[in-house]
Amino acid sequence: MTQDKDARRPNVSLAERARRIRRLAVRMGEVQGQGYVGQALGIADVLAVSYFHALRHRPDDPYWEGRDRFNLSIGHYAIALYAALIEAGIIPDEELETYGGDDSRLPMSGMAAYTPGMEITGGSLGQGLSVSVGMALALKRKGSGSRVFNLMSDGELDEGSTWEAAMSAAHHGLDNLVCIVDVNNQQADGPSTKMLGFEPLLPKWEAFGWYAQRVDGNDVGAVTEAFDRAMAHEGPRPRVVICDTRMCKGVPFLEARDITHFIRVEPDEWAKALAILEAAGPL
Amino acid sequence: MSAHGKFRHEALKPRPRAAGAPGVRLKTSAMIASIAAEGQATRPAPFGHALAKLAETRPDIVGLTADLSKYTDLHVFAKAWPDRFYQMGMAEQLLMGAAAGFAREGFTPFATTYAVFASRRAYDFICMAIAEESLDVKIVCALPGLTTGYGPSHQATEDLAIFRGLPNMAVIDPCDALEIEQATVAIAERKGPVYMRLLRGNVPLVLDRYGYKFEFGKSKLLRDGPDALVISTGLMTMRALEAAERLDADRVRVGVLHVPTIKPLDVETIVAEARRGGRLVVVAENHTEVGGLGEAVAGALLRAGVAPKFRQIALPDAFLDAGALPTLHDRYGISTAAVVARIKAWL
């Protein structure tokens, strides 16, 4: 399994990119024998659309000033973002073997100082959107056309700071900010909606002044269209794409399992999951 | 209800004044009352003016606040540079997160609020979004320690302890208007995050008489004396200097070592001065006795094997009373008169 020589090769479909991101995430999970693989499998389609359709970036220059910023507010989704960064050619494929190890550039929770392409230090949930507001304001101040994408989880909707930032983004008319909310309905203690009810989500974001859409986050076509609409929207409003995703998507025997926040995978199941993903492609 | 099962009001003894009775009743000071004594030389809004001037040569500087520009003197900057001023609303977590975002994009944001809100409400944002990567955010906070009579909701008596514990964070407690002006420039020049306590409004001018120049990380001996050495920070240096003058009249010679940078601490100078002459060493700070300059100095001296007679002038480890500021400064032993009396008693 070697990395594409040209990660930007245009003739690879977004669905195929998503499949490869899933495969890379599972391989990292196998390295550690654990990890937030369920979330990674769920968000892979959104990351594929982000890195291979929406974002402007240069794999050989991850700090290029003209890039779009992708802020991972959910630090524990790092395994998913590493997979996307590897697929995008920003991190070498072989580095995957170091995931979560001592002195690795790929720690279990994402931190900006550790990983090229990791824009912020997430993990203390509910901070990313506030930082994104500051970055979006700063980019406007610089006259930059770069945009800020903030990936957050539905659990982060519980945090009051999320709504401080949501109000602020609308107040300042941040049309260069795109928030992606991964609604997988799973938090540490159980289903997100049972932890702290956040529905109805779409009208809530609209009421906060955002251009809001809600899509099936595992439908690559639907996500792509939603991102396109978000970009094409001309109103002076921040944009949010609420993505309903399925934990463990793409590996049916894990999807069927009693889903938990930290999915348990038996040692012999990694190879099985990988085989399923291998057999599913290329797409 | 207190931990002892009693309401605080059971212990209070209000003294209603009879109609027509003589005397002046001390009232709770305005929340942002100036700490200047009557007739004392002051300068208005030293932080705001210094930042506005600095911004002329530093296009990277922006100002952010959480609905407290007027009460942190940032309104002066906002008036001078309206397009570089960002009103974030009464949302301190957002304030610190957004400041981090500005710093990530190459700006030097000055974020202002009250010390209680930065240290308590927004701490996790300051820790993870700012300090963890040593971003260039300058956090400037009014109402440090006991500088308002509004009670614990506004009295930041433990902010130094909180920020001293935070890796990468520098901590500054300036004494007067001159030092605030100089420190504003110095912290903008320094790389990395800084927490600076702020006296705002008409701020006393004291250090000009000592030919003082703020240097980041340096303590300065403002006056020398063989009987006692007061190691002080923030407005307590003002009190220590006044106390030293009064004690001088009684032939008690007191030195004053001003330590505006609490972190990183100027251990070398502090140890050298504490070692010299076998003097009583008193550490004075406008902060709880827990975790501030007093304990920082004590630790430094102990590690250096220096053990003078050591005393602390600090606020008690308690939620403080509400009331008039002069009353409270007397009550908690940080007024000039209290400093004089305590040093005399300890000698």
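Here are some notes:
- Probe 1.4 Å, all protein chains present, accessible-area order of A:Thr115, B:Thr28, largest first: B:Thr28, A:Thr115
- For residues of A:106-114, the mean tally of beta carbons on other chains within 10 Å: 1
- Rounded to whole Hz, the Karplus (6.51, -1.76, 1.60) HN-Hα couplings of region B:60-67, x for glycine and proline: 7, 7, 10, x, 10, 8, 10, 6
- Cut-off under 5 Å, modelled amide H: who pairs with B:Thr42 long-range: B:Leu205
- Subset of B:Lys53/B:Lys263; B:Lys53/B:Lys138; B:Lys220/B:Lys263; B:Lys53/B:Lys79; B:Lys191/B:Lys263 violating a 20 Å alpha-carbon distance limit: B:Lys53/B:Lys263
- With an a/c value of 1.5 or above and a/b not larger than b/c for the gyration tensor axes a ≥ b ≥ c computed over the alpha-carbon atoms, region B:217-346 is described as oblate.
- Karplus-derived 3J(HN,Hα), 6.51/-1.76/1.60, for each residue of region A:115-124, Hz, glycine and proline x: 10, x, x, 8, 7, 9, 9, x, x, 7
- Taking a straight Cα-Cα cut-off under 22 Å and skipping sequence neighbours fewer than 8 places away in the same chain, the lysines within cross-link reach of A:Lys204 are A:Lys194.
- 1.4 Å probe, heavy atoms, protein only - residues of region B:132-157 losing at least 20 Å² accessible area vs chain alone: B:Glu132, B:Glu133
- Placed amide H near A:Phe149: partners under 5 Å, 5+ positions off or other chain: A:Arg69, A:Phe70, A:Asn71, A:Val178
- In Å², nearest 10: area of B:Leu247 left accessible to a 1.4 Å probe: 0 Å²
- Solvent-accessible area per residue in region B:46-204 equals 28 Å², computed with a 1.4 angstrom probe and all protein chains kept.
- Within region A:255-283, backbone nitrogen closer than 17 Å to the virtual label 7 Å beyond the Cα of A:Asp189 toward Cβ: A:260-262
- Net +/- balance of residues flanking B:Pro167 in space, Cβ distance below 13 Å, scoring K and R +1, D and E -1: 0
- For the residues of A:137-144, the average number of beta carbons from a partner chain within 10 Å of their own beta carbon is 5.
- Estimated FRET transfer efficiency (B:Glu245, B:Asp83; beta-carbon r; R0 56 Å; 0.05): 0.75
- A Förster radius of 35 Å, combined with the Cβ-Cβ distance separating B:Asp208 from B:Leu12, puts the computed FRET efficiency at roughly 0.25.
- Residue of B:Gln182, B:Gln40, B:Gln312 that the Gaussian network model of chain B assigns the largest fluctuation, springs spanning Cα pairs under 10 Å: B:Gln40
- Label-point separation, A:Asp158 to B:Asp224 (7 Å along Cα→Cβ), nm: 6.2 nm
- Under a 5 Å amide H cut-off, with hydrogens placed 1.01 Å from N, A:Ile263 pairs with A:Val37, A:Gly38 among residues at least 5 apart or on other chains.
- Legend: mean number of C-beta atoms from other chains within 10 angstrom of residue C-beta atoms, peptide B:105-117, equals 2.
- Carbon and sulfur %, accessible surface of region B:31-89 computed with the full protein complex present, 1.4 Å: 56 percent
- Inter-part distance where region B:132-172 and region B:195-241 are each reduced to a Cα centre, Å: 18 Å
- Portion, in percent, of the accessible area of region A:15-279 that falls on carbon or sulfur, probe 1.4 Å: 50 percent
- Ordered by solvent-accessible area of protein heavy atoms (1.4 Å probe), largest first, the residues A:Phe149, B:Phe107 come out as B:Phe107, A:Phe149.
- Summed buried accessible surface, chains B and A, 1.4 Å probe, nearest 100 Å²: 2000 Å²
- Mean-square fluctuations from a GNM of chain B, with a 10 angstrom spring cutoff on Cα atoms, peak among B:Arg223, B:Arg251, B:Arg239 at B:Arg251.
- Average accessible surface area per residue within chain A, 1.4 Å rolling probe, Å²: 37 Å²
- Measuring how big chain B is from its alpha-carbon positions, Rg and Dmax come out at 20.1, 64 Å.
- Coupling constants for region A:48-64 follow from the phi torsions by the Karplus curve (6.51 cos²θ - 1.76 cosθ + 1.60, θ = phi - 60°), and in residue order they are 4, 5, 4, 7, 10, 9, 8, 6, 8, 7, 10, x, 8, 8, x, 9, 3 Hz; glycine and proline get x.
- Most mobile of B:Pro152, B:Pro109, B:Pro59 in a GNM of chain B (Cα contacts under 10 Å): B:Pro59
- Near B:Val62: Cβ cut-off under 9 Å, other residues only, Lys/Arg at +1 and Asp/Glu at -1. The net charge is +1.
- Estimated inter-spin distance, B:Val290 and A:Trp64, nm [label 7 Å along Cα→Cβ]: 5.3 nm
- A probe of 1.4 angstrom, applied to the heavy atoms of all protein chains, finds A:Asp60 with accessible area near 120 square angstrom.
- Solvent accessible area, Å² - B:Trp346, 1.4 Å probe, full protein context: 50 Å²
- Fully extending the segment from A:Phe262 to A:Asp103 would add 54.9 nm, taking 0.36 nm per residue of separation and subtracting the current Cα-Cα distance.
The values are calculated or read from the model by the stated rules, or taken from the named source; none is laboratory data. Bear in mind that the values here come from a model prediction, so they are computed numbers and not experimental data. FYI the Cβ positions are ideal-geometry reconstructions off the backbone, even for glycines, and counts take in every protein chain you see. Calculation scope for accessible area: heavy atoms of the full protein, side chains included, ligands and nucleic acids excluded. Shrake-Rupley method; radii C 1.70, N 1.55, O 1.52, S 1.80 Å.
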